[in-house]
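These notes are about the structure you will find just below.
The values are calculated or read from the model by the stated rules, or taken from the named source; none is laboratory data. The structure displayed is predicted, hence computed values, not measured ones. With ideal geometry, Cβ positions are generated from the backbone for all residues, glycine too; neighbour counts draw on all protein chains shown.
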Amino acid sequence: MSIGNVNIFEITGGLWYTANKAFDRKGEIGMKKLFAAAVLFLLLSGCGGTVSDGGGSADQAALFELPLVHGEYPVTAGEETPPQDVADWILAGPELLPIGHNAARIAAGCDVTAVIKQDGSAEVASGWWDGDPSQWRGMVSVSAGFHIAGLKADGTVLAAGPAGWFPNWGDYGQCEGVSDWREIASISAGSWHTVGLKRDGTVLAAGLNSYGECSVSDWRGIVAVSAGRAHTVGLKADGTVVAAGGYSGGHACDVTEWKEIAAVSAGGYHTVGLKTDGTVVVTGAFYDMEYDLSDWRGIIAVSAGERHVMGLKSDGTVVMAGEVANAEGDVSGWSDVVEISAGHPVAAGLLEDGTAVILKGYVEWD
């Protein structure tokens, strides 16, 4: 659907727009117009999609009684050979590399990067799968956590997983039943749960609910959703935000006072909100990590990862706060970016020409 020359759709649990394929580099389309147009778009057409941060890793796996693996976290492909056309995605070390071709959407999860190609097919680098996302067709968006969820053009959902370098990280029902969902406008994959926004503004959830992250059945008037490690956030049509779940003593769900929010993204232990004036608010953090986003301006999209926050600026550059664990390099040199997605330990960006870049690190276990 188009409003004027602006095509509206949803990424990273928030709102994104394109003007003649990319975006209005001159800032002639204000954030308030973006927000109003996106809300109108969702309410009138119910079409959309989301690319989520995924928000999950196993560095706090003991909270869920998951197995911990000691030693250096690997950054190679594992036991399975990826499809030939994504073989160059696999990193020999934590460095910045171009990946993919003809990509239309991108999602970073836990040590996995997925794209939806311009022909509606999906490709995923790394992981073990109960299902084969490379066989998916007719897709419009994708989201990644420890698993992969994809939204089809007909409003149905596919899922595969759990993902990750270690297949025993657990199946908590995050893929169960989602194939029965209908009239879905957008999806978001958290660490161990999947959230779907229906075209009527209600929300569905499946998977681990230890902290109440799937307790969203009473939400109404929602226009965007984002699933994190153990919490879920929803953006309402009036620019306010609701949240469910969250670790005890954490602050990832302290969003009730937020106003004039245009997009939200749930990370590992934090939540990020993009305001209609292009500034960004954040609550919660990875342990004592602080995210100083006070000087961010001209932001048009946000994505929260496990330990970091990414922001896409109107000029196609990217800013980042926090850390991509043990990654070498940063995102300061990225340009012509039209979509961002933060995972763990991954920062990903989709470029105007349909290629993608990632900054990938690894986790060391004590």
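Can you find a residue that is assigned to a strand (DSSP E or B) and touching a Ser or Thr at 6+ places or on another chain (Cβ under 9 Å) anywhere in the stretch 290-300? Looking for residues that are assigned to a strand (DSSP E or B) and touching a Ser or Thr at 6+ places or on another chain (Cβ under 9 Å), one finds at least one in the stretch 290-300, hence yes.
Which members of the stretch 249-277 meet the condition of being of a type in the set (G, A, S) and either touching a Gly at 6+ places or on another chain (Cβ under 6 Å) or free of Cβ contacts under 8 Å to residues at least 12 places away in the same chain (or both)? G249, G250, A252, A263, S265, A266, G267, G268 - these are the residues of the stretch 249-277 that are of a type in the set (G, A, S) and either touching a Gly at 6+ places or on another chain (Cβ under 6 Å) or free of Cβ contacts under 8 Å to residues at least 12 places away in the same chain (or both). Against the numbered list (1) free of Cβ contacts under 8 Å to residues at least 40 places away in the same chain; (2) buried (at least 22 other Cβ atoms within 10 Å of the Cβ); (3) part of a strand (DSSP E or B), V331 comes up short only at (3).
T271 - would you say it is crowded, with 18+ Cβ neighbours inside 10 Å and either of a type outside the set (G, A, S) or assigned to a loop (DSSP other than H, G, I, E, B) (or both)?
Details: crowded, with 18+ Cβ neighbours inside 10 Å: yes; either of a type outside the set (G, A, S) or assigned to a loop (DSSP other than H, G, I, E, B) (or both): yes.
Yes, satisfied.
Exactly one residue among D353, D295, D315 is at pLDDT below 95 and of a type in the set (D, E, K, R), and that residue is D353. Just one of the listed residues (A205, A252) is over 26 Å from Y291 (Cα atoms) and either of a type in the set (A, V, I, L, M, F, W, C) or in contact with a Leu (Cβ under 9 Å, 6 or more places away or on another chain) (or both), and it is A205. When S186, S126, S143 are screened for being in contact with a strand residue (DSSP E or B) (Cβ under 9 Å, 6 or more places away or on another chain), at pLDDT below 65 and buried (at least 24 other Cβ atoms within 10 Å of the Cβ), only S126 passes.
State which residue is modelled with the highest pLDDT when the search covers only the stretch 165-183 and only residues that are under 13 Å from L204 (Cα atoms) and crowded, with 21+ Cβ neighbours inside 10 Å. Show your work before the answer.
Initially, the stretch 165-183 is screened for residues under 13 Å from L204 (Cα atoms), giving 174-183.
Next, only the ones that are crowded, with 21+ Cβ neighbours inside 10 Å stay: 174-175, 178.
On the way: Q174: 94, C175: 93, V178: 97.
The extreme case among them is V178.
Taking the stretch 199-229 as the range and being closer than 22 Å to I261 by Cα, in contact (Cβ under 8 Å) with a residue 40 or more places away in the chain and among the polar types (S, T, N, Q) as the test, only S226 passes.
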